[in-house]
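Quick notes on the structure that follows.
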Amino acid sequence: MLDAVVVGAGISGIYQLYRLRQAGLSVQLCEAGDGVGGTWFWNRYPGARFDSESYTYGYFFSRELLDEWSWSEEFAGQPETERYLNHVVDRFDLRRDIRLGARVSAAVYDDAAAAWTVTVENGERLRARFLVTAVGPLSEPYVPAIPGLAGFAGVWHHTARWPREPVDLRGKRVAVIGTGSSGVQVIPHIAAEAAELVVFQRTANWCTPINNRPITPERMREIRRTARTIHRTCQETPGGFVHRPLSVSALEVGEEERRERFQRLYDAPGLTMVLANYRDITTDRAANAAVTDFLRGKIRERVKDPEVAERLIPTDHTFGMKRPPLEDGFYEVFAQEHVSLVSLAEEPILRFTPAGIQTAARHYEIDVAVLATGFDAVTGAIRRIDIRGRDGVRLDRHWEAGPRTHLGLQSAGFPNLFFVGGPQSTTGNIPRATEIQVDWVMDCLRHMADHGHRYVETTPAAEEAWLAHVESTVRGTVLEDATSWAFGSNVPGKPRVYQLYAGGIPQYRARCAEAVEAGYTGFVFG
Ligand code: N01
């Protein structure tokens with residue numbers, strides 16, 4: 001019997017494997033894809049790149065790794081990040097414990113043995129004392145049930161299942177459905193290649209410029225020199241980024257000063273508009289209105305056709321309610337002759353036809369459809385595995401009304417099962433949140449070994465308390481009213497529950513540590 005099975009070879013699963021191996025435990029990591037990288041393996045659509053600064057997203061656990069790896073850009077593209085994760089896997093000799101093309105379909109807990117039997121889709125079975133899911137919060141693609149898709153005679157791709165071989169769009173009529181972060185990234189690249197591009201937008205988003213730039217060798221040296229400080233800053237800021245909000249309120253300064261500040265942030269790289277802004281832009285409605293007004297003006301400035309500009313201005317949410325897509329030339333794309341924007345509020349999609357897309361207003365002839373329609377986020381990839389805990393209880397049933405966990409780490413009735421990057425814990429710059437969880441799991445396993453425990457599980461009371469806390473972190477913020485994947489509201493039938501953790505990384509880490517210091521409150525060992 002193995003000590004542990006880890007599911008998922010993304011950035012978090014790889015780190016979990018590394019730590020388990022360092023502790024001398026026997027581990028197998030099962031990965032559905034035929035390569036490692038998780039998000040950075042699957043999302044190979046043109047334009048896919050970080051919205052976290054590259055060097056804040058990568059690992060900090062090895063000084064040698066920090067010294068030998070050079071990032072080429074502030075926000076690295078998908079190919080570079082995939083290369084980085086492959087480098088890490090080879091550098092630390094992890095590949096021999098990774099099974100590729102091994103999608104886990106089921107996991108059943110055996111009470112008598114205090115162990116998990118994990119079934120891979122090819123029928124193979126593994127037995128392990130511990131099971132860690134690191135399947136990623138944004139990994140299960142959501143393909144909307146648009147009638148006629150199966151009969152569409154052209155080709156279609158979901159952005160998160162983009163093929164390895166290049167998709168030739170030259171001379172093609174292309175449709176993109178969806179204008180979230182994936183859509184906003186892919187659209188300028190498709191526009192550069194396709195003969196015709198029709199963008200189908202259901203909801204406009206507040207996009208801000210990525211302002212990406214190369215990292216020079218001097219800058220890379222500086223990044224290496226200050227790596228520890230960078231990591232500490234990421235641990236101290238709510239979202240796990242290097243940016244800190246200003247200490248002043250947007251309402252304490254005059255209009256001109258505020259505008260100048262907004263402009264500086266608009267011209268700065270990354271998510272600064274939301275992260276390095278006045279401290280209250282997502283908590284105070286008037287402060288939030290000020291930044292939203294500024295961005296409304298920017299869209300009107302950048303989009304030539306006033307009618308198109310109005311369509312691109314969100315009307316259902318304000319800035320900061322959703323993670324803002326970072327863009328590079330997105331707004332300018334619509335000035336190109338061969339690009340058009342269809343607002344689904346004006347003409348909803350009725351169905352795919354063999355030749356294209358039929359809306360309520362007209363038929364669009366299409367050769368290639370790109371579905372940038374997002375994910376069954378956070379719980380989707382976990383619920384897809386048939387996980388059965390004590391007494392055969394299904395995790396899927398346990399989470400029917402929404403996820404229930406303690407600290408996002410465990411669910412009651414599922415001993416020795418840990419979630420990394422699962423519900424009620426994920427926040428901001430994801431690797432900075434999940435490393436807290438991986439480290440916590442390792443401390444817990446050490447504690448169990450020291451005390452001769454066979455299993456650890458949480459309790460319904462602890463789940464209840466954590467749920468109340470998670471809900472309290474979102475209450476009263478502008479996040480509360482969002483219609484987005486964070487609440488599961490993009491997937492029909494999914495309960496509207498806040499799936500992430502809005503309390504911020506420092507508070508999350510403190511709560512995980514407090515539980516340990518107080519003798520693992522909310523956890524039971526046996
Ligand atoms: O997914 P989304 P995403 N008919 O759910 C539309 C991260 N990420 O893949 O808003 C028509 O945000 C949907 O419309 P609506 C990042 O955290 C990061 O873009 O539901 N349209 C929306 O426009 C991000 O937040 C990066 O009305 C339909 C789009 O599809 C998260 O992943 C890059 C539809 C889906 O947007 C998810 O982003 C990419 C339908 N039936 C992603 N169904 C980085 O920059 C859905 N839509 C690192």
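The values are calculated or read from the model by the stated rules, or taken from the named source; none is laboratory data. Treat the numbers as computed from the prediction; the structure is a model and nothing was measured. Don't worry about glycine lacking a Cβ; one is built from the backbone with ideal geometry, like all the others, and counts go over all protein chains shown. Each accessible area value is taken on the protein alone, full model and side chains, heavy atoms only, with ligands, DNA and RNA left out. Shrake-Rupley method; radii C 1.70, N 1.55, O 1.52, S 1.80 Å.
For this structure, a couple of remarks:
- For the residues 273, 1, a 1.4 Å probe over the protein chains yields an accessible-area ranking, largest first, of 1, 273.
- Considering only 420, 309, 102, and ranking their Cα positions along the charge dipole of the chain that arises from unit charges at the beta-carbon of Lys, Arg, Asp and Glu, the one farthest toward the positive end is 102.
- Candidate aspartates and glutamates - alpha carbon under 14 Å from residue 304, same-chain residues fewer than 8 apart omitted: 332, 337
- C-alpha long axis of helix 227-236 to longest principal axis of the chain, angle in °: 90
- Accessible area (Å², 1.4 Å probe, nearest 10) - residue 246: 40
- Relative contact order %, the chain, counting alpha carbon pairs below 8 Å whose residues are six or more apart: 20
- Value of D in µm² per second that Stokes-Einstein yields for region 237-323, Kirkwood Rh from Cα pairs, at 37 °C (0.692 mPa s): 242
- Accessible area in the full protein assembly, largest first, 1.4 Å probe, for 497, 516: 516, 497
- Lysines with Cα under 26 Å of residue 494, excluding same-chain neighbours fewer than 8 positions away: 322
- Among 250, 455, 333 the positive-end extreme of the charge dipole of the chain (Cβ point charges): 455
- Acute angle (nearest 10 degrees) that the helix 460-474 long axis makes with the longest principal axis of the chain, alpha-carbon atoms: 30
- In degrees, nearest ten, helix 430-451 long axis to first principal axis of the chain (Cα): 10
- Whole-Å distance, taken between Cα centres, linking region 1-44 and region 422-477: 19
- Computed per residue of the chain from DSSP H runs no shorter than four, each worth -39500 (n - 2.57), the mean residue ellipticity at 222 nm is -9500 deg cm²/dmol.
- The charge dipole of region 237-323, taken about its Cα centre with unit charges on the Cβ of Lys, Arg, Asp and Glu (plus for the first two, minus for the last two), comes to roughly 320 debye.
- Cα-based shape type of the chain, given that a ≥ b ≥ c are square roots of the gyration tensor eigenvalues and the cut on a/c is 1.5: prolate
- Overall, the chain carries a charge dipole of about 660 debye about its Cα centre when +1 sits on the Cβ of Lys and Arg and -1 on the Cβ of Asp and Glu, all other atoms neutral.
- Taking every protein chain into account, the accessible area of region 237-323 amounts to 48 square angstrom per residue (probe 1.4 Å).
- When the solvent-accessible area of region 319-474 is split by element, carbon and sulfur atoms take up 48 percent of it, the probe being 1.4 Å.
- Looking at region 357-464, the GluC sites (Glu not before Pro) that sit in a DSSP loop and have at most 15 other Cβ atoms within 10 Å of their own Cβ are 400.
- The separation of region 187-244 from region 45-90, counted between C-alpha centres, amounts to 12 Å.
- Per-residue extension of 0.36 nm, minus the Cα-Cα distance of residue 251 and residue 394, leaves a gain of 46.5 nm for this segment.
- Equivalent ellipsoid semi-axes, region 478-526, via Cα gyration tensor eigenvalues times 5, rooted, Å: 30, 15, 6
- Distance between region 279-339 and region 103-153 - C-alpha centres, whole angstrom: 38
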